[in-house]
């Protein structure tokens, strides 16, 4: 699996953070996202949940990924290929979670819920997706309960599947860290099939993701 990264326009100032070594060769050009609103929260978060990495700053890159031919199960029981889950013609906003997580995942899911609220009448123009990294525990039924916890603005799609297929999805997006306890905050966005992905490593705020979503609609 190979990944090709390319330059993006420079936007706002951003501080640099280190991340786990990527599985594939990376040539990252860092661009900026304002992260002051989350700085204090990130520090306290890291103190309370030291077993998780909790980066305060954000890193924004562009990448091309190859989708593996795997099949997944949606929280409502529908079986779909990864391509079917992602390539429905709408802009995609996706992340990785697991339902028993007490640190990164509730925060990431809360941000997605608030993003849906901010999108308002435009929310159905986006394909919002969360993939489980703990398929042994995360049955479709468990994912459905988890999704309802953050469903104030409408439930987005949550997927699970066989262990090897879920790992393949993580590897495809350079999100595999060997163990669910080592996962980091990550959001991936794409305007439509065939276009490059925007990769945001770190805790992005709803406002920051809203800015990205507006750009996706214009793309």
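The values are calculated or read from the model by the stated rules, or taken from the named source; none is laboratory data. These numbers were taken from a predicted model, which means no experiment stands behind them. Here the Cβ is made from the backbone with ideal geometry for all residues, glycine too, and neighbour counts use every protein chain on show.
Kindly check whether there is at least one residue in segment 91-107 that is in contact with a helix residue (DSSP H, G or I) (Cβ under 8 Å, 6 or more places away or on another chain) and assigned to a helix (DSSP H, G or I). Spell out the reasoning first.
Here is the first cut: in segment 91-107, the ones in contact with a helix residue (DSSP H, G or I) (Cβ under 8 Å, 6 or more places away or on another chain) are 91-99, 101, 103, 107.
Pick out the ones that are also assigned to a helix (DSSP H, G or I) and you get 107.
The answer is yes; a qualifying residue exists.
Can residue 162 be described as out of contact with any strand residue (DSSP E or B) (no Cβ under 7 Å at 6 or more places or on another chain) and either surrounded by fewer than 22 Cβ atoms within 10 Å (Cβ to Cβ) or over 13 Å from residue 96 (Cα atoms) (or both)? So that I can check it myself, show each step before the final result.
Numbers: out of contact with any strand residue (DSSP E or B) (no Cβ under 7 Å at 6 or more places or on another chain): yes; either surrounded by fewer than 22 Cβ atoms within 10 Å (Cβ to Cβ) or over 13 Å from residue 96 (Cα atoms) (or both): yes.
Yes: the conditions hold for residue 162.
For residue 68, are the conditions met, namely being within 16 Å of residue 199 (Cα to Cα) and either buried (at least 21 other Cβ atoms within 10 Å of the Cβ) or touching a helix residue (DSSP H, G or I) at 6+ places or on another chain (Cβ under 8 Å) (or both)? Steps first, please.
Values: within 16 Å of residue 199 (Cα to Cα): no; either buried (at least 21 other Cβ atoms within 10 Å of the Cβ) or touching a helix residue (DSSP H, G or I) at 6+ places or on another chain (Cβ under 8 Å) (or both): yes.
It is false that residue 68 is within 16 Å of residue 199 (Cα to Cα) and either buried (at least 21 other Cβ atoms within 10 Å of the Cβ) or touching a helix residue (DSSP H, G or I) at 6+ places or on another chain (Cβ under 8 Å) (or both).
Mind checking which residues of segment 89-112 are modelled with pLDDT of 95 or more and more than 23 Å from residue 180 (Cβ to Cβ)?
90, 91
Within the group 209, 188, which residue is out of contact with any helix residue (DSSP H, G or I) (no Cβ under 9 Å at 6 or more places or on another chain), buried (at least 19 other Cβ atoms within 10 Å of the Cβ), under 19 Å from residue 86 (Cβ atoms) and at pLDDT 95 or above?
188
What pairs come out if I take residues in segment 195-219 that are under 21 Å from residue 64 (Cα atoms) and pair them with residues that are modelled with pLDDT under 95 and in a strand (DSSP E or B) whose C-beta lies under 9 Å away, six or more apart or interchain?
196/4; 196/5; 199/5
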